Amino acid sequence: FTEKQKVTPMKVQLNKKKINEFSAIYCGQEISAHSGLIWAMKFSPDGKYLASAGEDGVVRIWLVTVDSSCESPNFSLSSHCVKGKHGHKKNKSCYTPVIVPKKAFKIDESPLHEFYGHTAGILDLAWSSSNCVLSSSKDKTVRLWKVGLDGCQGVFHHKNYVTCIQFNPVDENIFISGSIDGKVRIWGVPGKRVLEWADAHDIVTAIAYQPNGQGFIVGCISGTCCFYELNESVLSLNTQVHLHSRKKSSGSRITGIQFFENDSRRVMITSEDSKIHILDGVEIVHKYKGLSKSGCHTSATISSTGKHIVSVGEDSRVYLWDNADDINIQASKQTKSIRSCEHFLSEGISVAIPWSGQATTVVDSENFGSSNFDPLRGEHQKASSKTLDSRRFSVGNWFSMDVSFRGSVTWPEEMLLPHENDEHLCSSNDDDLHQQYQHNKNLNYRALSPAWGLVIVTAGWDGKIRTFHNYGLPVRV
């Protein structure tokens, strides 16, 4: 865009959570990407490209850039519902300080590549670290593409719909595919032939390699997860885990599998019954669950910082959980579901994923600082060069700093933003709000949550891609 990209504030709701980490989420871009439903969307491992595909059978590659053409959000007030002395509810307004980066995540409006060749809808995508892309389709084929090259680089024929694919993480000349025919196939890319296969005796709906490439997990429509091992090129079934739903009305289909980075034991499995399971080996150590009416969750994804889990429910809500492994949430012996989360509504979304790139932008001190930006009025005031220099910092450097409380559910009191019960900190009176802003203006920026700067990209039934950015500091509610 030649004009500044407009941003729209989103209403983020909390469920059984006392700290709002995603206190200022904005909808930025809206791109008409495909004709019809988008079924799959994946970032390249380095976060520089985004691949999307779906009902129209076209694979589109989008270039991710860092751009300054973004309108500064004016999102300074947030309402919290507070109970009064007699149990009556009353609304109080607290400002939400917003830190706007000098340069922000952006997707080029026109695709870098449009790959044609599939004759039916595309169900899954997979990236290699060398920017090759696999696409699996209802046309019973997997096709190979490469960024920078036109046309299809290889076709791999199957006997039925190919539901899921993934490159071997340690050998890009090998990939795995799962199909409706129940077969799991290991393919050699150079020879375009099957090297090994196994029969899961069920419709395969999700698949994931271990980070070391020595095995993989196959998820099935019945809720069964099959753990396979590769020993000297011999494929064998190690064990099975059943994640069946107790409710007859709920499906058990496995919708997504993702291993934790560099950990071949820790894996996250998403199922149709609205639950996300964290397994250590074959033992369930954590469960996450959305709202009671969230319905089936699509494949959940761990953010690049490892601090949050992002998923989308059938209720068109994007769900954001704290990673229990990172914040040491203690599960009970019965491994009860963790329901504390944040969520926001975006009608008709089918996929939601966090950007896989690391934050390397610099906060724009000319838009936010101790004396030059008023979050209540959105006005810019004159600031001394000394103040600007002291407020300028690299988010990339911040992520590498040793901050012991970062991502913790227990924030240092002096680092928290307004508490709803603190009369002198939270008020509908502008003067009080100004005082609170002055009180918090000298916050150590290390108090920023890893949620700050998180970019979530969604795809929808309408074929549109949308971007959401969190620029707010954590707020106690």
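The values are calculated or read from the model by the stated rules, or taken from the named source; none is laboratory data. Since we're looking at a predicted model, the values are computed, not measured. Here the Cβ positions follow ideal geometry from the backbone for every residue, glycine too, while neighbour counts run over all protein chains shown. What goes into the accessible areas is simple: the full protein's heavy atoms, side chains included, and nothing from ligands, DNA or RNA. Shrake-Rupley method; radii C 1.70, N 1.55, O 1.52, S 1.80 Å.
Just add up the charged neighbours of S32: K/R +1, D/E -1, any other residue whose Cβ is under 15 Å from the Cβ of S32.
Residues near S32 contribute -4 overall.
Cβ under 9 Å from P211's Cβ, P211 left aside: what net charge do those residues give with Lys, Arg +1 and Asp, Glu -1?
Numbers: positive: none; negative: E261, D263.
The answer is -2.
How long is the gain from S340 to E314 if the chain were fully straight, where each residue apart is worth 0.36 nm and the alpha carbon distance is subtracted?
Result for the pair: 7.5 nm of gain on full extension.
Provide the per residue accessible area, probe 1.4 Å, for the stretch 144-277, rounded to a whole number of square angstrom. Present the calculation step by step, with values, prior to reporting the outcome.
On the way: 6210 Å² over 134 residues.
Heavy-atom accessible area per residue stands at 46 Å².
How high is the FRET efficiency between S233 and D150 when r is their beta carbon distance and R₀ equals 35 Å, given to the nearest 0.05?
0.50
Ignoring ligands, DNA and RNA, please state the percent of accessible area on the stretch 128-277 from carbon and sulfur, probe 1.4 Å.
In the stretch 128-277, the share of accessible area belonging to carbon and sulfur is 45 percent.
At 7 Å along Cα-to-Cβ for each site, give me the label-to-label distance between E261 and Q13 in nm.
The modelled label-to-label distance comes out at 3.2 nm.
Net charge near T458: determine it from the other residues with C-beta under 12 Å of the C-beta of T458, scoring Lys and Arg +1 and Asp and Glu -1.
So the surrounding residues net to 0.
How much length is gained if the chain between N160 and E172 is pulled fully straight, taking 0.36 nm per residue apart and subtracting their Cα-Cα distance, in nm to one decimal?
1.9 nm
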